Amino acid sequence: MSEINGMEGLVFSEGELKIEFLFLNDIQKSTGVYIFPLHRHDDFLEVSLICSGTETIEYRRGEYTAAAGDIIIKNAGRIHQETATDVNDLVELSMGVSGVQVPGLPPNTMIAQDIVPVIHAPEVMGVLRELFLFIQRQHREDGEEEESVQLALRTFLSIVLTATREHGVRMKVGSAIVPTRQISEVMEYIDKNFQNQISLNDVAKTFFVSPYYLAHQFKSEIGYTVNQYIQLRRMGMAEQRLAFEDTPIKTIATECGYTSLKYFYSVFKSKTGHTPSEFRSLIRSKEPSE
């Protein structure tokens, strides 16, 4: 066995593993383009199984295609973006879990930073899907999981970890650009403040640099302009909250930095092909099935 990450196994925190979410992405030709803009999960790990179709994931400045038989691992705190077009039918099972600790890696992290997030492991996809469906059926919303669910969850994660060891591929040199310390700090500032009315000029003043310099350096290292990054983070957070919260749409729009509800609806529809309410219904109406 090729232990590409140099790991011995999973170590769980003193408390039980906690399921943060379980959902099915069922993007059919009739539903149009699907995009989940730049977002991250600070306190939990996300594991996705691609059952059919394809999607593109943007991760650490690189773009990777995931197809049927692939596992996608999105470490806690790692910004990523997912896209699927209407040329294929995508069926993706996704699970968010906290309480995961792999030796040598930060909490809720399953792959080292130089490992491609897409793991091709079709031979284990059947058992992972069945475990996912069992966990989904038995999952309790109050967070007090039965022992059988905890056991199934540990088994699920252990199989995923084994797959990363056997099939994990290192990123090509230069395929993932690591931002300089200054741009990393700018990104962190935006991540903490994008809900507010900030702009390129505001960010430049905060870091005592010229807007021209910051615009050039940020685009060069990140691939987006500062304003594009702000807008993508707002939209990503809005989609995340629409999918997992019952908070009123107007409140979500305001708290994600949109001062006009009409503008929010317009931008959301142009990006996703759906209104916010349609998107919420689409996500909520899908349940994993046999």
Fill in the blank from the handout: Among Ala215, Ala243, the single one that is free of Cβ contacts under 8 Å to residues at least 40 places away in the same chain, in contact with a helix residue (DSSP H, G or I) (Cβ under 9 Å, 6 or more places away or on another chain) and part of a helix (DSSP H, G or I) is Ala215
Handout entry: Gln136 being touching a Leu at 6+ places or on another chain (Cβ under 7 Å) and either surrounded by fewer than 21 Cβ atoms within 10 Å (Cβ to Cβ) or of a type in the set (D, E, K, R) (or both)
Key = yes
Problem - Looking only at the stretch 72-90, and only at residues there that are more than 14 Å from the chain's Cα centre (by Cα) and surrounded by fewer than 19 Cβ atoms within 10 Å (Cβ to Cβ), the one that is nearest to Tyr34 (Cα to Cα) - result: Thr85
Fill in the blank from the handout: (1) surrounded by fewer than 16 Cβ atoms within 10 Å (Cβ to Cβ); (2) within 19 Å of the chain's Cα centre (by Cα); (3) of a type in the set (A, V, I, L, M) all hold for Leu105 apart from (1)
Practice task
Considering each of Ile190, Ile183 in turn, give the residue that is of a type in the set (Val, Ile, Thr), over 30 Å from Leu282 (Cβ atoms) and assigned to a helix (DSSP H, G or I).
Solution key: Ile183
Practice task
Quick one: Thr272 ticks every box in (1) surrounded by fewer than 15 Cβ atoms within 10 Å (Cβ to Cβ); (2) under 18 Å from the mean Cα position of the chain (by Cα) except a single one, so which number is it?
Solution key: (1)
Handout entry: Residue satisfying condition, being within 17 Å of the chain's Cα centre (by Cα), at pLDDT 90 or above and not assigned by TED's automatic domain parsing to the domain that holds Leu24, within set Ala238, Ala243, Ala253, Ala204
Key = Ala238
Exercise for the section: Using the structure shown, decide if Gly69 is more than 16 Å from the chain's Cα centre (by Cα) and farther than 22 Å from Gly273 by Cβ. Expected result: yes
Handout entry: Filtered residues of the stretch 123-156 (kept if more than 21 Å from the chain's Cα centre (by Cα), farther than 16 Å from Lys18 by Cα and touching a residue at least 24 places away in the same chain (Cβ under 8 Å))
Key = Val124, Val127
Problem - Residue that is surrounded by the most Cβ atoms within 10 Å (Cβ to Cβ), among those in the stretch 236-260 that are under 14 Å from Glu278 (Cα atoms) and of a type in the set (A, V, I, L, M) - result: Ala238
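The values are calculated or read from the model by the stated rules, or taken from the named source; none is laboratory data. This structure is a prediction, so every number in the text was calculated from the model and none was measured. Glycine gets a Cβ as well: all are built from the backbone with ideal geometry, and neighbour counts include every protein chain shown.
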